[in-house]
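The values are calculated or read from the model by the stated rules, or taken from the named source; none is laboratory data. These numbers come from a predicted model, not from an experiment. For neighbour counting, all protein chains shown are included, and Cβ atoms are generated from backbone atoms with ideal geometry for every residue, glycine included.
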Amino acid sequence: MAHYFNEPSRTFNEYLLVPGYSSKDCRIENVSLKTPIVKYKKGEEPKITANIPLVSAVMQAVSDDKMAVALAKEGGISFIFGSQSVENQVEMVKRVKSYKAGFVKSDTNLRPDQTLTDVLELKARTGHSTIAVTEDGTAEGRILGLVTSRDYRVSRMDPDTKISEFMTPFEKLIYAKEGCSLSEANDILWDNKLNAVPVIDDNQRLTHFVFRKDYDNHKSNPNELLDSHKRYVVGAGVNTRDYEERIPALVEAGADVLCIDSSEGYSEWQLDTIKWVRERYGDTVKIGAGNVVDKDGFNFLAEAGADFVKIGIGGGSICITREQKGIGRGQASAVIEVAEARDEYFKKTGVYVPICSDGGIVYDYHMTLALAMGADFIMLGRYFARFDESPTNKLNINGNYVKEYWGEGSNRARNWQRYDLGGDAKMKFEEGVDSYVPYAGSLHDNVNLSLNKVKATMCNCGVVSIQELQRDAKLTLVSATSIVEGGAHDVILRDSSQNAIR
Ligand code: IMP
């Protein structure tokens, strides 16, 4: 007879946290969100620990190098999408690993024979007022001068005036030499009261700018996640088909942690992939696996040697797997059961295999719930897709700004390796949709606000670390009627636009 689970399959929306006793030490500034990413033996330190429990999804519409840098600055990790050529994915990983915080490639460049009109047009387009004047007008050209708003007066100058006539010429420029450290460049900024300093190589070619405001930003990222060489930590998605080619290239490029990206991880394909990694690299290459939704799946991948196990089938915002194939499980039920398996495995073997709740986070409090239910970290797609740093287009639809967001199993992504079970290629079917999500602004602002809420809830629960939350949280199921009670109810909401007028 088939196996039946006793409990219905539950989602995050069906749970709430019940406060615990909060001592005066339960303050937001005392809360640590540090969390292990890869497995470790009892009494040892995990080789990779994130400073915040958020990772971005292995998706074309979410995780490229720009997202990876922005998230590592906040203390989390991006898994660069694998549904692209090995070369392109490697390039993205390399760009993250070679990113020098505070050193920026110039995006506002002109030639000396161009005019004041060109300056004004370019400034309007990029929004940047520091313009590099290079021989060929490129970001890496021989630098001949600089134009800032102090160099021209629009009202008093002929718009056709050549840049060479009003730029600050190279001979008068203060610059830094390629290879200097960020703090040396910063000293030059401060000593000379500059807003920007060009960095040039031995052939007078521009390599970067260092801006005063970026240095300040750098200082304001105390959580940034760096490897032992002070480079940003980055992850990468792999599949169970071309791993013999893809994994060595990603390892060579410097990827810190890999993740087998599949809609269903309880499979011989994943076993083979992990086995291959262990035979070739031992424990030096870190690789997570998934996705699973029950104890059997977790135990299988933990035994296979996965560094972490990812949970979630069918709960992603763009996912139609449950409709198409009738497989999956409510994300809350899945996390709760897998967390129990993780703890049992730890007790039995002395090896702690972190678990990641993947998909289905709608409200910020769902993050806290996932952690309280036992997740060590959380993977999000829709959440990150809304930010400036995601790779997709920002569009204005009927007066509202949105960003594009599509599933890896949609026709747009065509990531069939993620779902590949053999069969006739012509019979592939979609497991994801192509959609829009509301544009939400910068990653920094949103992540900080969300995590502030997570920390506030943790304080209410009387805990100041994720490990304490997992141990002490009290959770209750909510009835359908109490969900109504949870929102604003029985009041007439004032229109916020009217408030603004008054
Ligand atoms: P979200 O955070 O709710 O948007 O879910 C993101 C997660 O959905 C990803 O990390 C994947 O596990 C999963 N996912 C991505 N693309 C697809 C798809 O096309 N179909 C089903 N699930 C997907």
*Hey, residue 256 hits all of (1) among the acidic types (Asp, Glu); (2) within 16 Å of the ligand (Cβ to nearest atom); (3) in contact (Cβ under 8 Å) with a residue 60 or more places away in the chain but one; which does it fall short on?*
(2)
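Output the number of residues of the stretch 229-252 satisfying the condition of being among the hydroxyl-bearing types (Ser, Thr, Tyr) and under 17 Å from residue 34 (Cα atoms).
1
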*Could you tell me which of the residues 302, 332, 306 is away from the ligand (no atom under 13 Å from the Cβ), in a loop (DSSP other than H, G, I, E, B) and not charged (D, E, K, R)?*
306
*asked:* Within the stretch 349-367, does at least one residue satisfy the condition of being farther than 21 Å from residue 333 by Cβ, at pLDDT 95 or above, among the polar types (S, T, N, Q) and surrounded by fewer than 24 Cβ atoms within 10 Å (Cβ to Cβ)?
replied: yes
*Looking at (1) within 27 Å of residue 246 (Cβ to Cβ); (2) near the ligand (Cβ under 9 Å from one of its atoms); (3) among the β-branched types (Val, Ile, Thr), which is the one condition that is false for residue 361?*
(1)
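Hey, could you check the stretch 452-489 for residues that are without any contact (Cβ under 8 Å) to a residue 24 or more places away in the chain and of a type in the set (Asp, Glu) and say which is nearest to residue 53 (Cα to Cα)?
Filtering the stretch 452-489 for residues that are without any contact (Cβ under 8 Å) to a residue 24 or more places away in the chain and of a type in the set (Asp, Glu), the one nearest to residue 53 (Cα to Cα) comes out as 468.
Conditions (1) under 30 Å from residue 283 (Cβ atoms); (2) assigned to a strand (DSSP E or B); (3) of a type outside the set (D, E, K, R); (4) at pLDDT 95 or above, marked per residue:
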position	(1), (2), (3), (4)
10	no, no, no, yes
26	no, no, yes, yes
29	no, no, no, yes
43	yes, no, yes, yes
46	yes, no, yes, yes
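Conditions (1) in a loop (DSSP other than H, G, I, E, B); (2) buried (at least 19 other Cβ atoms within 10 Å of the Cβ); (3) within 33 Å of the chain's Cα centre (by Cα); (4) touching a residue at least 40 places away in the same chain (Cβ under 8 Å), marked per residue:
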position	(1), (2), (3), (4)
84	yes, no, yes, no
89	no, yes, yes, yes
95	no, no, yes, no
100	yes, no, yes, yes
106	yes, yes, yes, yes
113	yes, no, no, yes
124	no, no, yes, no
158	yes, no, no, yes
*asked:* Condition check: under 24 Å from the mean Cα position of the chain (by Cα) and not hydroxyl-bearing (Ser, Thr, Tyr). Does residue 289 satisfy that?
replied: yes
_Can you confirm whether residue 265 is of a type in the set (Gly, Ala, Ser) and within 14 Å of the ligand (Cβ to nearest atom)?_
yes
*If you take just the helices (runs of 4 or more DSSP H) that sit entirely in the stretch 391-489, which of them hold at least 2 residues that are within 16 Å of the ligand (Cβ to nearest atom) and modelled with pLDDT of 95 or more?*
443-460
*Quick one: residue 278 ticks every box in (1) modelled with pLDDT of 95 or more; (2) of a type outside the set (Phe, Trp, Tyr); (3) under 22 Å from the mean Cα position of the chain (by Cα); (4) surrounded by fewer than 22 Cβ atoms within 10 Å (Cβ to Cβ) except a single one, so which number is it?*
(3)
*Sort out which residues of the stretch 255-271 are modelled with pLDDT of 95 or more, over 16 Å from the mean Cα position of the chain (by Cα) and assigned to a loop (DSSP other than H, G, I, E, B), and write them in order of number.*
265, 266, 267
*asked:* On the basis of being farther than 27 Å from residue 249 by Cβ, within 16 Å of the ligand (Cβ to nearest atom) and crowded, with 24+ Cβ neighbours inside 10 Å, does residue 314 make the cut?
replied: yes
